[in-house]
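Data block below; observations after.
Please treat every number below as a calculation from the coordinates, not as lab data. Model, not experiment: these values are computed from the prediction. Every residue, glycine as well, gets a Cβ built from its backbone with ideal geometry; the counts of neighbours run over all protein chains shown.
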Amino acid sequence: MKVFGIEISRGKQSAKHPRYAEIAYYTPRREVHDFAKQEIIDCQKMITSRLENAYFQAKVDFVATRNIFCWLKESKLELVNRLFFDGYVIVDCDSLAFVDVSQRTRSKTLHAIDIPINCNETVLASETYRARGHSDFHFLKQKLNYLNVLNSSDMQLIENYGAMGIISPEPDGSVAGNEYTEEDINTLQDRYKKQYGITFGKWSIMFTPRPARYQPISLPVAGLQLNEKRLYALKAIFAAFEIPKELSVYFESAKYANRNEAELDMYANTVAKWANIQLRLATLIYDNRRLRDSYLLPNEFWYDFVGVTALAEAKKNEATHLREMFDFWNVIALQKPEFKELAETRIKDILENL
């Protein structure tokens, strides 16, 4: 397999590590965006929740194949997450678990690391990683940084907004006026916090020892257009995950017809793509085990979507349309001899699709 111009193979087994082989991969980098990671999780769950409707089957039904399918169903969120951040996954085909190879790194160069891969392990790289040598996260990182800043803006504004008011002693007409001592101020602040519980950031009351004038400073938060900029960043993230924005709660609610079309598009493109990734991984795991377990026979895997209302309605409408087209071309074949050959071709195509 060639990844970003680098030929990858299992290589020769060495005497030191007789069951290991070396493979070159770029070092994964998982950066945490505290105020943007929820949106990433939401997108991933929108995919994996629909993957629940993917039903996997095998031509030859072994216990091994059923175990693989069950593991894929249970691990789908971790699979989506690892491929997004790292660009590849390494799976132990015997124990059916994702492998952390961070402790196995032998040597490291500027662009790649050599990872010893056990003979009972297999590797699956994402399409982006195979083509560009980086994960999807790498190309979306700037948008996530932008969204992270926007999401944290509210907290930053509150923390830096200043005091919500000033409490100072009333003047008694004298030159100096009344004054709060340091002990008075501490007592008042403690009582205020205990009674109202406002201890967040700087959004609190300021106590002064002498009379003071409070001049409020207004901040045009609406002019910053934080919500509009946030939606722009969210659209980029949803586009990266290939999720129609009509299905998201972040955007304005769409009409039922639009949401139904978006759901069909979601299954036809995004969910089908991830189901095919699961299918490819299942094949890799099974083939790896079959090389070492002679009792396992050559096998074929496939999947179907079960229990999806939108897809069922689409199939029903398509069947109705095909029946109407069949009746139409049947009439043409009987009443228009000059178009009989064309009509019979169309009828044959319709019957194959029914």
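So the values come out like this:
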{"quantity": "Cβ crowding within 10 Å averaged over residues, with 297-308, 117-128 ranked highest first", "calculated": "117-128, 297-308"}
{"quantity": "Over 21 Å (Cα to Cα) - which of LYS37/LYS273; LYS76/LYS229; LYS143/LYS229; LYS76/LYS141; LYS73/LYS235 fall in this group", "calculated": "LYS37/LYS273; LYS76/LYS229; LYS76/LYS141; LYS73/LYS235"}
